[in-house]
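The values are calculated or read from the model by the stated rules, or taken from the named source; none is laboratory data. Small disclaimer: the values here were computed from a predicted structure and weren't measured. Quick reminder, even Gly has a Cβ in these numbers, built from the backbone with ideal geometry, and neighbours come from all protein chains shown. Just so you know, the surface numbers come from the protein's heavy atoms only, side chains and all, with ligands and any DNA or RNA stripped out. Shrake-Rupley method; radii C 1.70, N 1.55, O 1.52, S 1.80 Å.
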Amino acid sequence: MQSNRLFEILYILLNKQQATAKELAERFEVSTRTIYRDIDALSLTGVPVYTEKGKGGGIRLMPDFVMNKSVLNDREQQEVLSSLHGLSQLNVTQAGTTLEKLSATFNKTATDWLEVDFSGWYSDNTELFATLKTAILQRKIVAFDYLTPEGKTLFRQVEPTKLWFKSKAWYVKTFCLLRQSARTFKLNRIRNLTLTETSFLEREVPMEQVYDEQEESAEMVDFKLKFDPSVSYRMVDDFGSGTLQEDGSYLVDFSWWTDDWEWLMGTILSYGEHIEVLAPATMREAVYEKASKIREKYSRG
């Protein structure tokens, strides 16, 4: 297409400083007459391009020309480069190449403002992430084993629609072929991921997300936790900001699914004596029983 060819011609002239019509015609597989029409089109947009005849001549740009004089101002250029830098960190196809081209075009270097590492501290899910990205972009069904909060391993085939980062963890939003409804799966719990050759079409159904494989009967329960000030830094990471009390402690209110208490139980116990469950009473009793069993296992003599 002409618009793409015009940009490529401009990019070539900015980097090589000059090129002949014959060279450009061969590169783009068009006639020299078409190249001269492209040069006229560039001139009409305000790009100061001109031709020199004779030996050593060719198509050139006026000295010191950069694209911002005719297209984008300084702030807009930096925003474009910063956005492309972010995309390149996410391994988006062609983002790195485009970044290099526009950096040369704008005569600027993109600020190294973002770094993304998809691997965890104790595991590397880079390959998993890349496979899911491919499946989403190519609209291919994926199959995998999934570890549920109840400790079960379930086989699922899904149509992945979006990778989602939420609260320190990566998820994939999907349409589950077994459940015939939207489901969101946590990447860390996916095992044996397989990219199939089966394609799928975009669905025009509401995509209200159900997390993991929670039961349809699962309900949200209100919790109230009390934290010692010594663990406030962890509290913010796990539960968000709490309400400061007169004694220096923090109160945190939130809601949680009834079918995923095991994860919450483990998190609460990891705080040791620096946390107290105030509500609901059922979780308070469950923590007491679990702590009693732990004590029995580590009792002396």
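Details
- Hits in the range 150-163 (condition: exposed (fewer than 15 other Cβ atoms within 10 Å of the Cβ) and part of a strand (DSSP E or B)): T153, L154, F155, K162
- Pairing each residue of the range 125-147 that is of a type in the set (F, W, Y) with any residue that is open to solvent by less than 20 Å² (accessible area, probe 1.4 Å) and part of a strand (DSSP E or B), provided the two are 6+ apart or on different chains, yields C-beta distances under 9 Å for F144/R156; F144/V158; F144/F185; F144/I190; Y146/R156; Y146/F185; Y146/I190.
- Restricting attention to the range 250-301, the residues that are surrounded by 11 or more Cβ atoms within 10 Å (Cβ to Cβ) and part of a strand (DSSP E or B) add up to 12.
- The selection criterion, being in contact with an Asp or Glu (Cβ under 6 Å, 6 or more places away or on another chain), at pLDDT 90 or above and either farther than 18 Å from T134 by Cβ or assigned to a strand (DSSP E or B) (or both), does not hold for F144.
- Within the range 230-249, the residues that satisfy the criterion of being polar (S, T, N, Q) and part of a helix (DSSP H, G or I) are S230, S232.
- Hits in the range 202-229 - residues which are in a loop (DSSP other than H, G, I, E, B) and either touching a Cys at 6+ places or on another chain (Cβ under 8 Å) or at pLDDT 90 or above (or both): D228
- Screening L128 on (1) open to solvent by 40 Å² or more (accessible area, probe 1.4 Å); (2) at pLDDT below 90 shows it passes everything except condition (1).
- Within the range 1-60, tally of residues that are within 40 Å of the chain's Cα centre (by Cα), charged (D, E, K, R) and open to solvent by 60 Å² or more (accessible area, probe 1.4 Å): 4
- Options F175, F185: the member that is open to solvent by less than 40 Å² (accessible area, probe 1.4 Å) and either outside any strand (DSSP E or B) or closer than 20 Å to G266 by Cβ (or both): F185
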